[in-house]
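Student: Sharing a structure with you now.
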Amino acid sequence: MVGALLLLWTGEKAFDILVPFLLLFAVALLAFQNQLQAFTMARKHGAHSETWSIVPVGIAAIYGGYFGAALGVILLAVLVVVVDDSLIRLNALKQLISLAVNVSAAVVFLFLGRIDWTITLVMAIAALVGGAIGGAIASRVPAKLLRWIVIVAGLGMSAVYFARLFN
């Protein structure tokens, strides 16, 4: 909900400037997952606790309410660093968190009367189809390949947003 309110309170210029940098940050988290996990484990003296993951996942959720595109890349990047589990299970958790974030943002937009129903319908259908197809594909793709697919997709999306920023 916080992200949705920030979107409504800030201008389009702030949005255009922030998005490509947030995407690159997510890609970096995912690309350096192993090194970041090793660093995190060393600082915790070998105890990998998911309790502290609330903060980075919460920040990702705020981002998702602000700008839903690439929320999956950011959430997956955060989750692989802060939660010690398989990429397949983390992908499923990412889907659940994304659903919660998007529903929360939608509630804000609904109560404030800021919904374009035609676009909403198209996005809802696309999200459901994409989530179903993506989940089915992700469960069959080796973790290393899945990580590189997400990294390349994230770099592509950030390039598109950087191009928009400089045009």
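Student: Are any residues in segment 40-62 modelled with pLDDT of 70 or more and closer than 26 Å to Lys144 by Cβ, and if so, which ones?
Tutor: Within segment 40-62, Ser53, Pro56, Val57, Ala60 meet the criteria.
Student: Within segment 114-147, take every residue that is touching a residue at least 40 places away in the same chain (Cβ under 8 Å) and among the charged types (D, E, K, R) and give me the one that is farthest from Ile88 (Cα to Cα).
Tutor: Checking each candidate, the answer is Arg114.
Student: So, in segment 1-12, exactly how many residues are assigned to a helix (DSSP H, G or I), closer than 23 Å to Leu165 by Cα and either touching a Gly at 6+ places or on another chain (Cβ under 8 Å) or modelled with pLDDT of 85 or more (or both)?
Tutor: Result for segment 1-12: 7.
Student: If I ask for residues that are under 17 Å from the mean Cα position of the chain (by Cα) and not hydrophobic (A, V, I, L, M, F, W, C), which ones from segment 17-40 would you list?
Tutor: Those that are under 17 Å from the mean Cα position of the chain (by Cα) and not hydrophobic (A, V, I, L, M, F, W, C): Pro20, Gln33.
So that you can scan it fast, the table gives a plain yes or no per residue for (1) at pLDDT 90 or above; (2) exposed (fewer than 14 other Cβ atoms within 10 Å of the Cβ); (3) in a helix (DSSP H, G or I):
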residue: Asn91; (1), (2), (3): no, no, yes
residue: Lys94; (1), (2), (3): yes, no, yes
residue: Val107; (1), (2), (3): yes, yes, yes
residue: Leu110; (1), (2), (3): no, yes, yes
residue: Arg114; (1), (2), (3): no, yes, no
residue: Leu121; (1), (2), (3): no, yes, yes
residue: Val141; (1), (2), (3): no, no, no
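The values are calculated or read from the model by the stated rules, or taken from the named source; none is laboratory data. What you are looking at is a predicted structure, and each value in this text was computed from that prediction instead of being measured. All Cβ positions, even for glycine, are placed from backbone atoms using ideal geometry, and neighbour counts span all protein chains on display.
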